[in-house]
Structures are given as C-alpha cells and as structure tokens.
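The values are calculated or read from the model by the stated rules, or taken from the named source; none is laboratory data. Predicted, not measured: the structure shown is a model, and the values here were computed from it. Please note: Cβ atoms are built from the backbone with ideal geometry, for glycine as well, and neighbour counts cover all protein chains shown.
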Protein chains: 2
Amino acid sequence: MPVFSAEDLRRAGRRLLAACGASEEESGLVADELVESSLRGLDSHGVVRLAMYADHVRDGTIKPGAPVTVVKESASTALVDCGGGFGIVGALKVVEIVAEKARASGLACATSLRLNHVGRLGSFPERLAARGLFGLASTNSPRHGHFVSPWGGREGRLATNPLAWAAPTDGAPLVMDMSTSMIAEGKIRVLLQEGSPVPEGSILDADGSPTTDPGRFYGPPRGTILPFGSPRLGYKGFGLGLLVEILGSALSGVPLTPEGQPSGYGNGLFLMAIDPEAFGGRDLFRRLVSEFAAYVSTSAPAPGAGGVILPGALDAATRERRLREGIPVADETWRQIREAGRRAGIEL
Amino acid sequence: MPVFSAEDLRRAGRRLLAACGASEEESGLVADELVESSLRGLDSHGVVRLAMYADHVRDGTIKPGAPVTVVKESASTALVDCGGGFGIVGALKVVEIVAEKARASGLACATSLRLNHVGRLGSFPERLAARGLFGLASTNSPRHGHFVSPWGGREGRLATNPLAWAAPTDGAPLVMDMSTSMIAEGKIRVLLQEGSPVPEGSILDADGSPTTDPGRFYGPPRGTILPFGSPRLGYKGFGLGLLVEILGSALSGVPLTPEGQPSGYGNGLFLMAIDPEAFGGRDLFRRLVSEFAAYVSTSAPAPGAGGVILPGALDAATRERRLREGIPVADETWRQIREAGRRAGIEL
C-alpha cells in the first residue's frame, strides 16, 4: 500500500479537481478537506472520494462554480441553495453563514438545498468550535442511501444519518461524529472485500434475519443495517435517525418520500451554532467544557480499557501519527485517482 | 394494586401539593403533568413523584411561588432562572419563552438555572410541536446523579442525560424521549425490588466488571450504568451524554465539576424550537413529516415484530388504555402519597 505525505495528497487532489474544471479555490477547499479526513484515519470520507468527485463532475452531478445562495433568511436562520456544486464547498459556505448569524444573534441554524456529498460531517461543527461557538450538525441522504431499517421493520427507510457536535476547550475542540445506525455501509463494503464477517447484531438479510455475512446484506435482494442500539434499544437509534431526516429534508420543504425526492444530491445538512456569549459567556464556556472533560477523564479505567476516551481523541492521535509517518492509501484507491487524472488529461 | 381514574389522581395530586403550600395554579400544572406521565405508562416520571415533591417542599428544596425570571436574553435566546420552584412550573415557563421567541425569530433556545426536577422531558418539545414548531430538549443532573460511566471508564461521571425531540404531524406529534445510557437508574431500582436481573450489558459493578445483579450496582461500593450503545458502540452514547452535560450546564455558565456545582437543583434544561415557517413553511413541514412517518411505516415487519413502531406510539397506546381502564398505582406509591398528605394535614 503506497504511503503519501499529506502535502503530496493535497497537491494531487488539487491538480485532479482543477483538471476536472474546478476553480483553484474549490480544488483547494475540497482536496484539503478530504486529506484532513484521511489524516484522521476516517478513510471512508478521505481521498477515496477524489475519484468519485471527479466522476460526478464528469456526469454533471457536481457542477463546479455553482453559486451558493441564501434563498430565505432571518437574523438567525438561513435556507441555503448550494446549487449542486461541490458539497464540501457548499457546506463550508453554510458554516460561514451560520457562524456570522450566531455571532450577531446568539443562535443560528441553516439547512441546505441541492447539496452534494459533504464528506466528514464533524468538520463543520468543529469549525464553529474553533471560533468559540458550540456547533451541532446532521445530514440525511436521498432514497438510494436508505440502507437502515426502522425499529420493527426489515426494509430500509433511513440512511445512516450522522449527527455531530463540537465544543471549544482550552486545547483542541471536543468533536463527536456518529452515525445513527449500527455500522456504516462503507465499512460493510470493506468487510465484504476482505471476506470478514460484520459484527454481530449490525445487519439483517432481506428476510429480516440477523446475519454477519456482508454478502447477504448486499444481496440481491438487499438486506438492511439495524438502527443504533439494536437489538434491545434500537428504538433510540431509530428516533435519532428520524430526527436527522426531519432536520435534513422536511424542515427545508424537501419531500422525504422516494417519489418526491430530488435525485442526485447527497446530503440534507442541518447546521446550528450557539454563541455562549448569549448565555454564560464564551470564555467561561470554554473553561467549563475543559474542566468537565478533565473531570470525566478521572474515571478509573474499565478492565481492559486504557482509560476514558474523549470524543475526537482517537482521530487526533491518528492525525499526529499520519502527519509523522504518512497516509497509507489503498492500491485500488490510488489506481482510481490516477485513472481519474488520466481521463482529465493529467498524470498523477 | 389500586387503580385510579386520571381525574381522581389529578384531584389527589392537586390537593396534596396545595396542602404543602403550592398555589392553585402550581398544584394544577404539576399534578396534571405527573398524571399525564402515568397515563402514558412512564410510571417512574408519574405520580410516584408526588410524595417526593411534597418532601422537597418541606425540606426547602422546592420553593412554591418562586418567580421564574429571564436573566439574559436576545431575540432568539434566553437564560432563565427558575428560582428553585417546582421544576415542572419552571420548564413550562421556558416552553412559553422559547415558543414566543421562535415564532418571532424562526429559531430560539433557552437554558435554565436553579431548576428542580422537570419530570418527563419529552413533554416540553411535544408542547412546542403542538404549536407547529419543531422542538429539541435535553437535561442533565448534578453530581449525585452521576451514575453513568464514560467510555473506557468504570466510575460514574454523567447522569442518564435524556434527549428528546418532537415534530408536528397531521395527527399526534412524533415524540422521541430517550436516555443516553443503557438503562435508567429508576428501572434498576424496580428490578432490585423485584429480585430480577438487569438486562445484560447494561451495568458494571464497582470493579468495572459486567454484571446483571442490581445489588452489585447499588453496592456499596456503587457500580455504574454503561453509556448507550455499550459494549461495542458505547462511545456514541458517551458522546450524546457529554452533549447533554454541555448544553445543560456549561452553556449556562454552571460548573460541571462536583466541587463547582450548585446543590439541590435537579435539572439543567436546554430547550430549542425551530419555526418551520423560517424554512420550507409550517404547513409543508407538518405534511412532509406525516408523509415520511407513513413511508417509514411501510417497511415490512421484522421477524417477531408487529411492524414499525414510531416514536411515542407505545406511550400513546398506553394512554388510551389507561384512560379507559384506569391507572394502576403501586401500593407503596399510594401509601407514600397518603402519608405525605397526612403530614400536610389532609386525608387522601
């Protein structure tokens, strides 16, 4: 497996996207964001997406240069049409809008229309936390991503629907980023390729029977992923998944049903920011979150565990290591990136 | 076990609270709210709390008639001092404040200071949904409620920290109300009294070893409840629990550490409302949520399940049945209510 420095991957990603027709600014934002995910070990949201984005530009799903426009707003809300451009570019614009409104109003949220795949959701609340704000985010997906069965059902009706939040501390922000299902679809695909079983209690086959065989999930006929908390507490994950659907689509006025859904767009983003200055104060908030993180971390380690792991801590450790040792990229991923480059007329 | 009509329990509750010094309005709000929880089968948040509240009035923890005041606000935010009155009275006032601001600004949130036990958390977003708004709520608890171990730890550092949301539909609102732990402490106490085991994977003993023995949870030394999603995905429940702590205390400027925490007050409430009118529109939102609930419900039943169960559906069914058949109240609960009445000089 080839290993690259972050800088080499950023350069390759920017060149590829620019060759596909993205502006210098877009290429930089998107490539840097994907490399950042790879640095943190979140490979399913990392440079593996470069070739996919290049494909989407070619087939017209992603429209480089599409304007991002606020179609409806108040002092603390915005409905943002991302115009079908790069999802990461659209989401970063939404971050700016929400941060500015939260700074002025104490609280702000925005939802998106025509937003393509945004990559790592946690990135957006994390950017709010870097400005001293509290951030909360979720994204849903259109029908083709409905892998997750509702509580009591055996047919997919929800996407893996991640939720993320971030809060500033005296050090790096706390960043929580979780799917509301038992496992991400991308991870099942990796297990299928490896010939490994899926952790027990994660998936059902098409008949609704529990299985650990990734082949029985993909079918056909296709099985489903169980909602987070299954089997006993799956109603909680189902409820969280519904929350994400409602915030990602219904709030924006986008039909959630298969018939009504616009095709092609990846994510319905909900992003909220709270300025602690409107409550107990920004500095005090940062200090109290830091103190609580420290207090929680004093819990003696559970048997077999190395101690309390705060949200984002494992990603941060991977980032440090990969900055030093480089980012391993699967042969197939690198092959696809080079092939996408060749189709766009460059050699990577 | 005696069975009462909702009306009889409301009357008894109002008389008890009034005899303890609550105003007619307070007695009505609190008793009605607790009976509503009992109607839905949420007995741990129902009339079992009447005697507890009476005790708290007597020992000064609850101060009937305490004013609820907004100590800091903007068009879309409020920091509300609930003054140590009845928690339900304070939380209902927060609902009014948030609803009014959301109607005016499209989005609003509030947090609380000096708020006693609020009962069923889902009640507050549900009241927002009844006005066509989307509602989100959470509550944390002070140190004595830190039953839940953080991910990787074996000592309690979090409360069971519920999260709730509600959205309007063409029928009853969807209402999700969940703890961020594997089980509520109140349920473990019931299992202890019954001599029943706790479901596997829910609790640790004081050494951090998994157990199903409720006696080993209570100790001494006390064990802990695992975060929701344990064992494999407990980091998600831990992250959700941290979110609730941060919104419930740090945002308001209330120290989260044991040393810094004000004693006696039950809950740090975070309540948010979004007016869909600021996005896709209120009527469209209601219709789209209804359509999505219907679409989700078409998922064929999983083996052994009766079909999809939407958030709040089981509670609503229990409510219908208990309205017809009455509310069973445990002998011990009724004994405590009568005793509390006698101490306050009335016969129930």
Log entry, pairs with first residue in the range B:39-50 being closer than 16 Å to B:GLY87 by Cα, second being among the hydroxyl-bearing types (Ser, Thr, Tyr), beta carbons closer than 6 Å, six or more apart or on different chains, reads B:HIS45/B:SER37; B:GLY46/B:SER37; B:GLY46/B:SER38; B:VAL47/B:SER38; B:VAL48/B:THR333
Of (1) modelled with pLDDT under 95; (2) within 24 Å of A:ILE246 (Cβ to Cβ); (3) among the β-branched types (Val, Ile, Thr), B:THR139 fails just (1)
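So, restricting to strands (runs of 3 or more DSSP E) that lie completely within the range B:63-134, which ones have at least 2 residues that are of a type in the set (Gly, Ala, Ser) and under 24 Å from A:SER105 (Cα atoms)?
Answer list for the range B:63-134: B:107-113.
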Reported set for the range B:285-301 where residues are under 17 Å from A:LEU242 (Cβ atoms), at the interface with chain A (Cβ under 7 Å from one of its Cβ atoms) and among the hydrophobic types (A, V, I, L, M, F, W, C) is B:PHE285, B:LEU288, B:VAL289, B:PHE292, B:VAL296
Over the range B:212-226, the set of residues without any contact (Cβ under 8 Å) to a residue 60 or more places away in the chain and away from chain A (no Cβ under 12 Å) is B:THR212, B:ASP213, B:PRO214, B:GLY215, B:ARG216, B:PHE217, B:TYR218, B:GLY219, B:PRO220
Flagged pairs (Cβ under 7 angstrom, 6 or more apart or on separate chains; first in the range A:3-21, assigned by TED's automatic domain parsing to the domain that holds A:LEU50; second polar (S, T, N, Q)) are A:LEU9/A:SER38; A:ARG14/A:SER27; A:LEU17/A:SER27; A:ALA18/A:SER27
Of the residues in the range A:281-303, those that are free of Cβ contacts under 8 Å to residues at least 40 places away in the same chain and of a type in the set (Val, Ile, Thr) come to A:VAL296, A:THR298
### Message
Taking the conditions exactly as written (in contact (Cβ under 8 Å) with a residue 24 or more places away in the chain and either of a type in the set (Val, Ile, Thr) or surrounded by fewer than 18 Cβ atoms within 10 Å (Cβ to Cβ) (or both)), does B:ASP207 satisfy them or not?
### Response
yes
Picked from the range B:192-201 (must be out of contact with any Leu (no Cβ under 6 Å at 6 or more places or on another chain) and within 20 Å of B:ASN161 (Cα to Cα)), the residue surrounded by the most Cβ atoms within 10 Å (Cβ to Cβ) is B:GLY201
Suppose the filter is part of a helix (DSSP H, G or I), surrounded by fewer than 24 Cβ atoms within 10 Å (Cβ to Cβ) and among the charged types (D, E, K, R); does B:ARG189 pass it?
yes
(1) under 18 Å from A:VAL70 (Cα atoms); (2) touching a Lys or Arg at 6+ places or on another chain (Cβ under 9 Å) all hold for A:ARG131 apart from (1)
Would you confirm whether or not the range A:42-61 contains a residue that is farther than 20 Å from A:ARG127 by Cβ and touching an Asp or Glu at 6+ places or on another chain (Cβ under 6 Å)? no
**Asked** Does B:VAL308 qualify as being at the interface with chain A (Cβ under 9 Å from one of its Cβ atoms) and surrounded by 15 or more Cβ atoms within 10 Å (Cβ to Cβ)?
**Response** yes
Scanning the range A:94-113 for residues that are surrounded by fewer than 21 Cβ atoms within 10 Å (Cβ to Cβ) and away from every other protein chain (no Cβ under 14 Å) gives A:GLU96, A:GLU100
A:TYR265 passes all but one of the listed conditions (1) buried (at least 16 other Cβ atoms within 10 Å of the Cβ); (2) within 12 Å of chain B (Cβ to nearest Cβ); (3) at pLDDT below 95; the exception is number (2)
Checked the range A:227-251 for anything facing chain B (nearest Cβ under 9 Å) and aliphatic (A, V, I, L, M); matches are A:LEU233, A:LEU240, A:LEU242, A:LEU243, A:ILE246, A:LEU247, A:ALA250, A:LEU251
Picking from A:ALA54, A:ALA18, A:ALA12, the residue that is under 17 Å from A:ILE327 (Cα atoms) and not in a loop (DSSP other than H, G, I, E, B) would be A:ALA12
Of the residues in the range A:317-335, those that are crowded, with 18+ Cβ neighbours inside 10 Å and farther than 16 Å from A:ARG10 by Cα come to none
Filtering the range B:135-162 for residues that are part of a loop (DSSP other than H, G, I, E, B), closer than 15 Å to B:THR180 by Cα and more than 11 Å from chain A (Cβ to nearest Cβ) leaves a count of 5
* Asked: Hey, any hits in the range A:192-204 for a residue that's touching a residue at least 12 places away in the same chain (Cβ under 8 Å), away from chain B (no Cβ under 11 Å) and under 18 Å from the mean Cα position of the chain (by Cα)?
  -> no
A careful count of residues in the range A:35-58 that are more than 13 Å from the chain's Cα centre (by Cα), of a type outside the set (Val, Ile, Thr) and over 17 Å from A:ALA184 (Cβ atoms) gives 8
Of those in the range A:163-179 that are in a loop (DSSP other than H, G, I, E, B) and in contact with a Gly (Cβ under 8 Å, 6 or more places away or on another chain), the residue farthest from A:LEU247 (Cα to Cα) is A:ALA172
